[in-house]
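Everything below concerns the one structure shown next.
Every number in this text was worked out from the coordinates using simple rules, so none of it is lab data. These figures come from a predicted structure and were not determined experimentally. Cβ placement follows ideal geometry from the backbone for every residue including glycine, while neighbour counts extend to all protein chains displayed.
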Amino acid sequence: MTGPGSLPCPATDELRQLLQRTLEPTRRELLDDHVEECGFCQSRMDALAQDEWQLPPTLLLPAQPPRQPDDDEADFIRHLVRSIPVPSEPCDSPADPVPPTVLPCIPGFDRLELVGRGGSGEVYRAWQPGLGRWVALKTLVPNRSPDRAARVNREARLLGRLTHPHIVRIHGMGEVEGQPYLVMEWIAGGSLQDRIRRGPLPINDAVRFAREIASALELVHAAGIIHRDLKPANVLLDPSISGETDGDGPLIARLTDFSIAFEPDANERLSQTGMVIGTPDYMAPEQTGLAPQPAAVGPAADIYGVGAVLYAALTGRPPHQAETPVAVLNLVATREPDSPCMYRPEIPRDLGTIVGKCLRQDPAQRYQSAGELARDLERFLQGRPIHARPYTLGERIWNWGQRRPIATTVGACLLGSGLYVAATLLEQGRQREQLVSQLVEQTDEAEKATAIAEKSLAEARYSRWQTIRQLILKATTQLQDGSLVAGQRRGLVETVRRHLRNRLDDADSITTGFAPEFAEMLNHWAELEERHGFFPQALEDGSRLDAVLPKLEDGSRRQSLTLSRNCRHVRLLDRLNRLDDASQQLAALLEPGEAAVADVEVLAVLDAASQHARVLRDAGRKEQALALVRRARGEWWLTGEQSTDNLLRSQAQLELQLLELDLATPLVPGTPPSADEEDWTKTLRRVFDRQRNSVLALTLEPVRAAQRLDELARHRPQLAQFTRDNWRQEIHRLDPVTHAAERLIQQLSFDSAATTDVRPALEPVRQFIDQHPDDLATRQRLAGLLVRMAQSSATPETTASLEQARLAIDLVMTAHEPWRTSAEGRSVLAEAYRAEASALRSQGGLPAARQSLELALSHSPDEQRGNLFLELVQLHLALGDRAQAELIAARIEDESPAREAVRRLLRESSSHETSSP
Amino acid sequence: MASRHPIEAPETRQSLLARLKGVSVQPEAWQRFLEIYTPPILSWCRSYGLQEADARDVTQEVLLRISRYLPQFDYDPTRCFRGWLRTIVHRSWCDWMECGGAGQVGTGDTRVLQLLRGLPARDDLLARLEQQYDRELLQLAMDRVRERVEPQTWRVFELLALQQVAGIEAARHTGMKVASAFAARSKVQRMVRDELSRLRDENRVGT
């Protein structure tokens, strides 16, 4: 067999021919052998093959069959098959909706035509012969609550009070068959939403519409009303003043749909909790109900709405976009949108500033009145400087400079040398910058130069930041695709960390401008390190966040990042076995903060508390664990009415309760049930009842739960509202797999101890895994068990250990992403390969064992590599291949304790050689 | 189960939607359609935060409309198949949305239902179903190719292309040389791609 050194690596073309099997046989055989040993060519061939596979990434699924529907879903599907008839003949009139609607017969109007349905009601176009005009009729959706009638009344009343060229007028209202309806102006031009669908609007048109709506809002707010549902669909475009359908006049914007408007001061019975129904795309943060700092819904929400509508008109997209509406809601509630200039570069900066000021998270920072907004928009249309202030002084002057190009050029000439100085001194730090400023202050155009210098400096910093960002993104991909070996991963992580350290040394230069992005990226990086097993590094890098967080102006983002970091640190400290530090960190997390905490944050903290309590319990510190659990349960955001309604919070509560029950002193039969136990039973029942149809997974530890329930049922007959069997059944139903798995594992340990031919014993394992491919926890346990068994039973006589090791390898190889390529999965795989190597060695198959060890090395986490190297060296020496042994010894990292052992081994073996006759 | 239809061999099996194009539809095809396309619609509902019972109601309503509209829309062979799918889904969704079908949902969170009636939700639904269709087509192509190659060859392709396993591991696992493993992958890939484009053509022209 030729080594990689003897035959040179082939050119890419030849390699491709090898791949496609179009080479002539002798050459092919030679190259095949070369590739067998040459890692470089292997990766090249891999890349070539990968390139040929040109499917879109969304179709590149891991090799798993579509998820099998669970029993409940299968039942549901059967039900569907029974109840939905097989598609056959077409309906009679395809245009009829199902069920067919009966057009209302409203006296005084005819030729009704349905033009739209929204959440509030149906809208028809109708002809009013009495007055010879088209009108819009708005009715209720049938089957709504009687509340709605009151709402229609209110909408009519509100609209009646508002007469404005930019608000759709109401002509009147009436009632037919007990259902109220509104009669409004008919607007022929369609909605702004329809127009946006065809593409972004010309800038001036968009701004003009926005100004018109803002001026309409001035009146609305003055009347004490808040619209609450600003969106492009509610801005109609009127082709002419007279409302004729053939008008050719310029379009004017008209605001409509006041169905969810509300008057803060009026004495209303209707629900006005501020939880607004609507599409989240244009909602103000305070309307979502998810904002970390809840604010009242006031006129500022409408200002936001205008900003969002303008944004959409300019860019063709709403301020926030995400894959699901829930994600959009979250974004709206927690982030400020990107500047519209990013999506459409020709948008002037001033306009971006205006839009930005409408879309601030904090209502107090937006325009404080619709009138103010309308006036700034007017200023923009006329080319005058606007009043809204962007972030830096420098930018504003730059803008001014842009509008007066001649003045700037003159200034630039005057400052020719000043500019030059500014530019070169950029590289040399802040002190020099101050000097430049002083120099430059001597002329009239002083400020302009500073602005230029500042801008360039800002750009330089920003581009440095972009480099790091790219680096981190790239590192993320590489780490996640699982193709790197341990040493490479470490190297990659170290490189990124070095760059981060350098950047953070110059912490002052992280301006408030991109501090949020930077903080997010750093947090993401620390998460990634955690996921890939670099625990001390993740801890360190997470701590570096402390330098950046204070620069975040957005309090809610700061809070959520801080929380993420702190929860992660608890986990990391647990992993590094620094349990006391973890407890301390967690105690800090459990302190109630001043600001209101979002659901998702509460759950993160509770989750951290549960996990840490389990770690403490498993480490034998039961008292501590119990105290922690009790504390977590007692915190204010767990108790109270609110918590029991929220299913997720109930689950979290239940987990903690279970833990508590597990840790508390054992039940003494004959004593009355404690308050805790009663409480627990009630919660359990409530959660089970609600869970009956849900597919939310309970992360209970079912086996322990079942055991505890058994105990309870035995000793506390008074509590048994369900019988013992019912409870067990519920748990079985929720997690039947775990019981099967437990049984299997026990059986396996028992069986294998007894026999020499393990294959029959291993068969049930294969079956179980085939039936439950998604059960990663059991898979991991089984693989671990098999590896241990293989290690203890390696003898030359039987192939038992080989079978076991191979099955373990199979278990991991057939597992799904991302576990298979995660740190855990790979470490199990490494162990399994190692066990396979031992088995092979004991059977005399040394070369194959060598390959297994190499594979083990490629998957192994750092801490175990030392031992693997040692084994490999031993193997090579046993094979008589000293050269290879030395090569391997050279690969061992310096700090590894194995290095010494290996050196010694080599010395011993060489002395053995020279001393033999 | 999903990858091997018990009754028909992959060679003769058409994609489900293809079989549903005509005016009269086989009951087994419809059942299969429900099995495959119900889960994405359920996830769509769930992803908007609907509780399970309500998600099922909405799913049922949407599927009901789909079943009604399927035969109505004659398949136009000059248009892309995907366009036909979009039309069906769009009409069904519009119908569901307009008819206040959502109004009958008992405990439905009104806010969530409002979201589901938004255009982004419709596009989301369309995207999920299209993706399901793409997957189905890919799976069909792969099934067909799998029938035609050695089990060993297929396994190596699976390991390399689908599971992203390293070359040397896959080779060991299947007892091949590394270069042969890559070559096998390459061959199967080409076959799958060819099969896929053949399937797409079939669906374009109409049967």
Taking neighbour counts of Cβ atoms within 10 Å as a proxy for exposure, in what order, fewest first, do A:His524, A:His34 appear?
A:His524, A:His34
Going residue by residue through segment B:163-172, the Karplus relation 6.51 cos²θ - 1.76 cosθ + 1.60 with θ = phi - 60° gives ³J(HN,Hα) values, rounded to whole Hz and with x marking Gly or Pro, of 9, 6, 7, 5, x, 5, 5, 4, 5, 4
Here segment A:23-36 yields Karplus 3J(HN,Hα) values (6.51, -1.76, 1.60; θ = phi - 60°; whole Hz; Gly and Pro given as x) of 7, 6, x, 5, 4, 4, 5, 4, 5, 3, 5, 4, 4, 4
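Could you tell me the calculated FRET efficiency between B:Glu130 and B:Ser43, based on Cβ-Cβ distance and R0 = 22 angstrom, to the nearest 0.05? Don't skip to the answer; put the middle values down first.
Details: r = 14 Å, r/R0 = 0.64.
Working from the Cβ atoms, E equals 0.95.
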Amide proton proximity set for A:Val176, modelled H, under 5 Å, gap of 5+:
A:Tyr181
Across peptide B:130-142, how many C-beta atoms of other chains are within 10 Å of each residue C-beta, on average?
2
5 Å is the cut-off here: which amide hydrogens, built 1.01 Å from N in the peptide plane, fall below it relative to A:His171, excluding neighbours closer than 5 in sequence?
A:Val183, A:Met184, A:Glu185
Per residue of A:853-861, count partner chain C-beta atoms within 10 Å of its C-beta, then hand back the mean as an integer.
1
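Ranking A:Glu29, A:Glu36 by Cβ neighbours within 10 Å, fewest first, what do you get? List each step's numbers first, then the result.
On the way: A:Glu29 13, A:Glu36 19.
Ranking A:Glu29, A:Glu36 by Cβ neighbours within 10 Å, fewest first, gives A:Glu29, A:Glu36.
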7 Å from Cα along Cα→Cβ at both A:Glu346 and A:Thr22: what's the point-to-point distance in nm?
4.8
Across segment A:885-890, in residue order, what do the Karplus-derived ³J(HN,Hα) couplings come to in whole Hz, using 6.51 cos²θ - 1.76 cosθ + 1.60 with θ = phi - 60° and x for Gly and Pro?
4, 5, 4, 5, 4, 5
Select from segment A:188-229 those trypsin sites (Lys or Arg not before Pro) which occupy a DSSP coil region and have at most 16 other Cβ atoms within 10 Å, ordered by residue number.
A:Arg198
Residues A:Val496, A:Val873 arranged by fewest to most Cβ contacts within 10 Å:
A:Val496, A:Val873
Along the charge dipole of segment A:802-898, pointing to its positive end and built from +1/-1 on Cβ of Lys, Arg, Asp and Glu, which listed residue (A:Leu872, A:Leu840, A:Ala808) has its Cα farthest out?
A:Leu840
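Roughly how compact is segment A:854-897, stated as its Cα Rg over 2.2 N^0.38 Å to two decimals?
Details: Rg = 10.2 Å, N = 44, 2.2 N^0.38 = 9.3 Å.
Against the compact-globule rule of thumb, the ratio is 1.10.
Sort the following peptides by mean Cβ neighbour count (other Cβ atoms within 10 Å, averaged over residues), highest first: A:37-49, A:564-576. Could you put the intermediate results ahead of the total?
Values: A:37-49: 18.2, A:564-576: 20.7.
Result, highest mean first: A:564-576, A:37-49.
Ignore the peptide's own chain and count Cβ atoms of other chains within 10 Å of each Cβ in A:73-79; give me the average, rounded. Before the final figure, lay out each step's value.
Values: counts 6, 1, 0, 9, 8, 3, 3.
What the average comes to for A:73-79 is 4.
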Given H placed on each backbone N at 1.01 Å, which residues far from A:Gln843 in sequence or on other chains put an amide H within less than 5 Å of it?
none
